[in-house]
Amino acid sequence: METWRFRLELQGPYATPWASGTLFGQLCWAKRRRDGSDERLATRLAALREGSELFLLSDVLPADLLPRPILPPPPFDPAKAAEHKKRKKLAFLRRDAFLRHRAALSETALEDGLCAGPGDAEHRLAHNTIDRQRSTVIEPGGLFFLDEWWPRLRDEKGAPAPERLRDLYIRTSWPIAEVEDLLAAVGSWGFGRDSTWGRGRFSVVGKEEEKELFAFEGNRYLSLSHGAWTPDLGSPRYKLATHFGKLAIEAAMACGRPWKRPLLLMKPGATFAASGTGPFGAWLRGIVHSEVPRILGYEPGHHAFHLPVPYREAS
(Lines give C-alpha, C1' and ligand atoms only; values in the text may rest on other atoms or scores of the structure.)
Protein backbone atom coordinates (compact mmCIF):
# COMPACT_ATOMS: atom_id res chain seq x y z
CA MET A 1 0.00 0.00 0.00
CA GLU A 2 1.40 3.38 -1.00
CA THR A 3 2.31 6.16 1.39
CA TRP A 4 1.87 9.74 0.24
CA ARG A 5 3.56 12.95 1.31
CA PHE A 6 1.35 16.03 1.10
CA ARG A 7 2.94 19.48 1.14
CA LEU A 8 0.78 22.01 2.99
CA GLU A 9 1.22 25.77 3.13
CA LEU A 10 -0.01 27.63 6.21
CA GLN A 11 -2.07 30.72 5.46
CA GLY A 12 -1.89 32.24 8.93
CA PRO A 13 -1.65 31.44 12.65
CA TYR A 14 -2.97 28.29 14.26
CA ALA A 15 -4.35 27.65 17.75
CA THR A 16 -4.41 23.84 17.97
CA PRO A 17 -1.32 21.60 17.74
CA TRP A 18 -1.29 19.55 14.55
CA ALA A 19 -1.92 16.14 16.15
CA SER A 20 -2.67 13.18 13.87
CA GLY A 21 -5.85 12.07 15.69
CA THR A 22 -7.33 15.57 15.66
CA LEU A 23 -6.69 15.94 11.93
CA PHE A 24 -8.22 12.53 11.22
CA GLY A 25 -11.37 13.58 13.09
CA GLN A 26 -11.64 16.75 11.04
CA LEU A 27 -11.18 14.77 7.82
CA CYS A 28 -14.07 12.53 8.89
CA TRP A 29 -16.34 15.50 9.53
CA ALA A 30 -15.30 16.97 6.18
CA LYS A 31 -16.43 13.73 4.53
CA ARG A 32 -19.76 13.79 6.32
CA ARG A 33 -20.39 17.41 5.34
CA ARG A 34 -19.43 16.74 1.73
CA ASP A 35 -21.48 13.53 1.38
CA GLY A 36 -24.40 14.72 3.47
CA SER A 37 -24.66 11.18 4.79
CA ASP A 38 -24.04 9.56 8.16
CA GLU A 39 -24.17 6.09 6.61
CA ARG A 40 -21.12 6.44 4.33
CA LEU A 41 -18.86 7.69 7.10
CA ALA A 42 -20.18 5.12 9.58
CA THR A 43 -19.35 2.35 7.06
CA ARG A 44 -15.81 3.68 6.65
CA LEU A 45 -15.23 3.94 10.40
CA ALA A 46 -16.57 0.42 10.97
CA ALA A 47 -14.17 -0.91 8.31
CA LEU A 48 -11.32 0.92 10.02
CA ARG A 49 -12.16 -0.56 13.42
CA GLU A 50 -12.48 -4.06 11.95
CA GLY A 51 -9.19 -3.79 10.05
CA SER A 52 -10.60 -4.20 6.54
CA GLU A 53 -9.57 -0.63 5.68
CA LEU A 54 -6.49 1.36 6.71
CA PHE A 55 -5.88 5.02 7.40
CA LEU A 56 -2.57 5.97 9.01
CA LEU A 57 -1.34 9.54 9.14
CA SER A 58 1.45 11.52 10.73
CA ASP A 59 1.25 14.71 12.70
CA VAL A 60 1.62 17.75 10.45
CA LEU A 61 5.41 18.25 10.52
CA PRO A 62 7.70 21.10 9.43
CA ALA A 63 8.77 20.62 5.83
CA ASP A 64 11.64 18.12 5.37
CA LEU A 65 11.84 17.47 9.12
CA LEU A 66 10.95 14.44 11.25
CA PRO A 67 10.30 14.22 14.98
CA ARG A 68 13.51 13.57 16.90
CA PRO A 69 13.68 9.83 17.67
CA ILE A 70 14.15 8.80 21.29
CA LEU A 71 17.37 6.78 21.31
CA PRO A 72 19.70 5.49 24.04
CA PRO A 73 21.59 8.52 25.41
CA PRO A 74 25.34 8.79 24.75
CA PRO A 75 27.82 8.77 27.66
CA PHE A 76 27.50 12.02 29.59
CA ASP A 77 30.50 14.35 29.56
CA PRO A 78 30.31 16.88 32.45
CA ALA A 79 32.60 19.22 30.53
CA LYS A 80 29.93 19.52 27.82
CA ALA A 81 26.92 19.90 30.10
CA ALA A 82 25.81 23.25 28.63
CA GLU A 83 26.09 21.92 25.08
CA HIS A 84 24.18 18.78 26.05
CA LYS A 85 21.39 20.84 27.63
CA LYS A 86 21.09 23.02 24.53
CA ARG A 87 21.03 20.02 22.18
CA LYS A 88 18.40 18.28 24.29
CA LYS A 89 15.88 21.02 23.43
CA LEU A 90 16.13 20.39 19.68
CA ALA A 91 12.88 18.61 18.82
CA PHE A 92 13.33 17.80 15.12
CA LEU A 93 15.68 15.88 12.85
CA ARG A 94 16.38 16.68 9.24
CA ARG A 95 14.90 14.07 6.96
CA ASP A 96 18.12 13.69 4.95
CA ALA A 97 20.12 13.05 8.13
CA PHE A 98 17.71 10.31 9.18
CA LEU A 99 17.93 8.63 5.78
CA ARG A 100 21.71 8.83 5.86
CA HIS A 101 22.07 7.21 9.29
CA ARG A 102 19.01 4.98 9.69
CA ALA A 103 20.98 1.75 9.10
CA ALA A 104 22.88 2.46 12.37
CA LEU A 105 20.96 5.17 14.22
CA SER A 106 22.44 6.69 17.38
CA GLU A 107 22.39 10.01 19.24
CA THR A 108 26.00 10.63 18.27
CA ALA A 109 25.35 10.03 14.58
CA LEU A 110 22.40 12.42 14.55
CA GLU A 111 24.04 15.40 16.25
CA ASP A 112 24.61 17.30 12.99
CA GLY A 113 21.01 16.74 11.84
CA LEU A 114 19.11 18.04 14.86
CA CYS A 115 17.28 21.37 14.66
CA ALA A 116 14.71 23.43 16.51
CA GLY A 117 12.12 23.56 13.73
CA PRO A 118 10.56 26.57 12.00
CA GLY A 119 10.42 28.70 15.16
CA ASP A 120 6.76 29.70 15.02
CA ALA A 121 6.18 32.62 17.38
CA GLU A 122 4.11 31.51 20.38
CA HIS A 123 1.54 33.89 21.80
CA ARG A 124 -0.13 33.23 25.15
CA LEU A 125 -3.54 34.85 25.51
CA ALA A 126 -5.06 35.53 28.94
CA HIS A 127 -8.81 35.02 29.40
CA ASN A 128 -11.18 35.64 32.28
CA THR A 129 -13.56 32.94 33.50
CA ILE A 130 -17.08 34.39 33.77
CA ASP A 131 -19.57 33.48 36.47
CA ARG A 132 -22.63 32.77 34.31
CA GLN A 133 -25.08 33.51 37.15
CA ARG A 134 -23.69 36.93 38.06
CA SER A 135 -21.99 37.87 34.76
CA THR A 136 -18.83 38.82 36.58
CA VAL A 137 -15.28 37.52 36.58
CA ILE A 138 -14.68 34.64 39.01
CA GLU A 139 -12.19 35.69 41.67
CA PRO A 140 -9.76 34.36 42.64
CA GLY A 141 -8.61 31.80 40.09
CA GLY A 142 -10.66 33.23 37.23
CA LEU A 143 -7.75 33.61 34.83
CA PHE A 144 -6.78 30.98 32.27
CA PHE A 145 -4.47 31.00 29.25
CA LEU A 146 -4.69 29.77 25.66
CA ASP A 147 -1.79 29.54 23.24
CA GLU A 148 -1.58 30.16 19.53
CA TRP A 149 1.33 30.11 17.10
CA TRP A 150 2.22 32.54 14.32
CA PRO A 151 4.50 31.24 11.54
CA ARG A 152 6.61 33.64 9.53
CA LEU A 153 4.73 34.04 6.24
CA ARG A 154 7.13 36.31 4.33
CA ASP A 155 10.89 36.57 4.17
CA GLU A 156 12.89 39.82 4.15
CA LYS A 157 12.25 40.30 0.42
CA GLY A 158 8.49 39.74 0.71
CA ALA A 159 8.56 36.27 -0.84
CA PRO A 160 6.69 33.36 0.80
CA ALA A 161 8.80 32.09 3.70
CA PRO A 162 9.74 28.38 3.69
CA GLU A 163 8.87 28.24 7.40
CA ARG A 164 5.17 28.05 6.61
CA LEU A 165 5.50 24.81 4.61
CA ARG A 166 4.49 21.57 6.30
CA ASP A 167 4.61 17.85 5.47
CA LEU A 168 1.85 15.33 6.11
CA TYR A 169 2.39 11.61 5.48
CA ILE A 170 -0.65 9.40 4.84
CA ARG A 171 -0.96 5.67 4.14
CA THR A 172 -4.50 4.63 3.37
CA SER A 173 -6.79 2.34 1.43
CA TRP A 174 -9.09 5.32 0.78
CA PRO A 175 -8.85 6.82 -2.75
CA ILE A 176 -6.02 9.34 -2.54
CA ALA A 177 -7.91 11.88 -4.67
CA GLU A 178 -10.71 11.82 -2.09
CA VAL A 179 -8.21 12.32 0.74
CA GLU A 180 -6.74 15.33 -1.06
CA ASP A 181 -10.21 16.85 -1.51
CA LEU A 182 -10.98 16.36 2.19
CA LEU A 183 -7.66 17.93 3.19
CA ALA A 184 -8.39 20.94 1.00
CA ALA A 185 -11.81 21.29 2.64
CA VAL A 186 -10.31 21.24 6.15
CA GLY A 187 -7.72 23.80 5.04
CA SER A 188 -10.37 26.15 3.68
CA TRP A 189 -12.42 25.99 6.91
CA GLY A 190 -9.45 26.09 9.27
CA PHE A 191 -7.99 23.46 11.55
CA GLY A 192 -8.78 23.38 15.26
CA ARG A 193 -9.73 26.11 17.68
CA ASP A 194 -10.83 29.58 16.54
CA SER A 195 -11.07 28.58 12.89
CA THR A 196 -13.86 31.15 12.48
CA TRP A 197 -11.22 33.79 13.27
CA GLY A 198 -8.97 32.48 10.49
CA ARG A 199 -6.85 30.19 12.66
CA GLY A 200 -5.56 26.96 11.15
CA ARG A 201 -6.10 27.83 7.49
CA PHE A 202 -3.85 26.06 4.98
CA SER A 203 -3.74 25.02 1.34
CA VAL A 204 -2.55 21.79 -0.27
CA VAL A 205 0.26 22.80 -2.63
CA GLY A 206 1.52 19.39 -3.69
CA LYS A 207 1.61 15.65 -3.14
CA GLU A 208 3.89 12.81 -4.15
CA GLU A 209 4.13 9.11 -3.51
CA GLU A 210 6.68 8.56 -0.73
CA LYS A 211 9.09 5.93 -2.03
CA GLU A 212 12.14 6.43 0.21
CA LEU A 213 11.29 7.01 3.85
CA PHE A 214 9.41 3.76 4.49
CA ALA A 215 11.37 1.50 2.09
CA PHE A 216 13.73 -0.11 4.61
CA GLU A 217 13.99 -3.33 6.63
CA GLY A 218 14.53 -2.28 10.22
CA ASN A 219 14.34 -3.81 13.67
CA ARG A 220 12.72 -0.77 15.32
CA TYR A 221 10.26 1.93 14.34
CA LEU A 222 10.01 5.70 14.74
CA SER A 223 6.45 6.98 15.18
CA LEU A 224 5.37 10.10 13.29
CA SER A 225 2.04 10.29 15.14
CA HIS A 226 0.31 10.78 18.46
CA GLY A 227 -0.56 7.14 19.16
CA ALA A 228 -1.58 4.71 21.88
CA TRP A 229 0.61 2.10 23.50
CA THR A 230 -0.47 -1.49 22.89
CA PRO A 231 1.12 -4.78 24.02
CA ASP A 232 2.66 -5.44 20.59
CA LEU A 233 4.94 -2.40 20.97
CA GLY A 234 8.06 -3.92 22.47
CA SER A 235 10.88 -2.08 24.30
CA PRO A 236 9.25 1.31 23.81
CA ARG A 237 10.91 4.65 24.47
CA TYR A 238 8.45 7.54 24.53
CA LYS A 239 7.27 10.80 26.00
CA LEU A 240 3.64 11.27 26.95
CA ALA A 241 1.20 14.00 25.99
CA THR A 242 -2.27 14.57 27.42
CA HIS A 243 -4.78 15.05 24.62
CA PHE A 244 -7.77 17.27 25.46
CA GLY A 245 -10.22 16.68 22.62
CA LYS A 246 -13.50 18.35 21.69
CA LEU A 247 -16.38 17.24 19.52
CA ALA A 248 -17.11 18.87 16.19
CA ILE A 249 -19.80 21.53 16.27
CA GLU A 250 -22.50 19.21 14.86
CA ALA A 251 -21.84 16.61 17.55
CA ALA A 252 -21.50 19.19 20.32
CA MET A 253 -24.87 20.72 19.42
CA ALA A 254 -26.48 17.27 19.37
CA CYS A 255 -25.25 16.16 22.79
CA GLY A 256 -24.74 19.48 24.59
CA ARG A 257 -21.30 18.60 25.94
CA PRO A 258 -18.35 19.25 23.60
CA TRP A 259 -15.50 18.11 25.84
CA LYS A 260 -14.03 14.65 25.52
CA ARG A 261 -12.19 12.84 28.26
CA PRO A 262 -8.43 13.47 28.40
CA LEU A 263 -6.32 10.79 26.71
CA LEU A 264 -2.70 9.93 27.45
CA LEU A 265 -0.85 9.31 24.18
CA MET A 266 2.71 8.67 23.02
CA LYS A 267 4.18 11.73 21.32
CA PRO A 268 5.76 11.65 17.85
CA GLY A 269 9.38 10.58 18.16
CA ALA A 270 8.50 7.48 20.17
CA THR A 271 10.52 4.43 19.14
CA PHE A 272 9.69 0.78 19.58
CA ALA A 273 10.28 -2.75 18.39
CA ALA A 274 7.17 -4.52 17.20
CA SER A 275 5.90 -7.94 16.41
CA GLY A 276 3.85 -8.42 13.27
CA THR A 277 3.22 -5.98 10.46
CA GLY A 278 0.75 -3.65 12.18
CA PRO A 279 -1.13 -1.46 12.19
CA PHE A 280 0.36 -0.33 15.50
CA GLY A 281 -1.65 1.64 18.02
CA ALA A 282 -5.41 1.48 18.43
CA TRP A 283 -8.81 2.91 17.69
CA LEU A 284 -9.81 4.00 21.21
CA ARG A 285 -13.41 3.23 22.10
CA GLY A 286 -15.62 3.48 25.17
CA ILE A 287 -13.45 6.01 27.03
CA VAL A 288 -13.61 9.02 24.75
CA HIS A 289 -16.78 10.76 25.93
CA SER A 290 -18.19 10.65 29.42
CA GLU A 291 -21.92 10.97 28.75
CA VAL A 292 -23.02 10.10 25.22
CA PRO A 293 -22.66 6.51 23.93
CA ARG A 294 -23.54 7.56 20.37
CA ILE A 295 -23.37 10.94 18.64
CA LEU A 296 -25.22 11.42 15.33
CA GLY A 297 -25.17 7.65 14.90
CA TYR A 298 -21.46 7.20 15.70
CA GLU A 299 -19.79 5.68 18.71
CA PRO A 300 -17.29 8.31 19.95
CA GLY A 301 -13.76 7.14 19.22
CA HIS A 302 -10.25 8.46 18.75
CA HIS A 303 -7.71 7.60 16.05
CA ALA A 304 -4.56 6.65 18.00
CA PHE A 305 -2.66 4.65 15.38
CA HIS A 306 1.02 5.19 14.65
CA LEU A 307 2.50 5.82 11.23
CA PRO A 308 5.84 4.03 11.79
CA VAL A 309 9.17 4.56 9.98
CA PRO A 310 11.58 1.60 10.14
CA TYR A 311 15.23 1.95 11.15
CA ARG A 312 18.09 0.08 12.85
CA GLU A 313 19.93 1.19 15.94
CA ALA A 314 23.69 1.16 16.17
CA SER A 315 24.92 -1.82 18.18
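Worth pointing out:
- Test result for Phe76, without any contact (Cβ under 8 Å) to a residue 24 or more places away in the chain and touching a helix residue (DSSP H, G or I) at 6+ places or on another chain (Cβ under 8 Å): yes
- Of the residues making up the stretch 182-221, those that are of a type in the set (A, V, I, L, M, F, W, C), within 15 Å of Leu168 (Cα to Cα) and not in a helix (DSSP H, G or I) are Phe191, Phe202, Val204, Val205, Leu213, Phe214.
- When Ser195 is tested against the conditions (1) surrounded by 13 or more Cβ atoms within 10 Å (Cβ to Cβ); (2) of a type in the set (S, T, N, Q); (3) in contact (Cβ under 8 Å) with a residue 12 or more places away in the chain, the lone failure is (3).
- Subset tally (residues that are among the acidic types (Asp, Glu) and either within 16 Å of His302 (Cβ to Cβ) or touching a residue at least 40 places away in the same chain (Cβ under 8 Å) (or both)) for the stretch 16-38: 1
- Residue match in the stretch 81-91 (condition: modelled with pLDDT under 95, basic (Lys, Arg) and closer than 30 Å to Glu217 by Cβ): yes
- Of the criteria (1) surrounded by 12 or more Cβ atoms within 10 Å (Cβ to Cβ); (2) out of contact with any Gly (no Cβ under 7 Å at 6 or more places or on another chain); (3) outside any helix (DSSP H, G or I), which one Val179 fails: (3)
- Here the stretch 180-211 is the region considered, the condition is being modelled with pLDDT under 95 and of a type in the set (D, E, K, R), and the residue that is nearest to Phe24 (Cα to Cα) is Arg193.
- Restricted to the stretch 34-92, and to residues there that are of a type in the set (Gly, Ala, Ser) and touching a Gly at 6+ places or on another chain (Cβ under 7 Å), the residue that is farthest from Arg164 (Cα to Cα) is Ala42.
- Qualifying positions in the stretch 84-129 - closer than 29 Å to Gly12 by Cα and among the β-branched types (Val, Ile, Thr): Thr129
- Hey, Arg5 at pLDDT below 90 and either over 21 Å from Gly286 (Cβ atoms) or buried (at least 18 other Cβ atoms within 10 Å of the Cβ) (or both) or not: no
The values are calculated or read from the model by the stated rules, or taken from the named source; none is laboratory data. Values in this document were obtained by computation on a predicted structure and should not be read as measured data. FYI the Cβ positions are ideal-geometry reconstructions off the backbone, even for glycines, and counts take in every protein chain you see.
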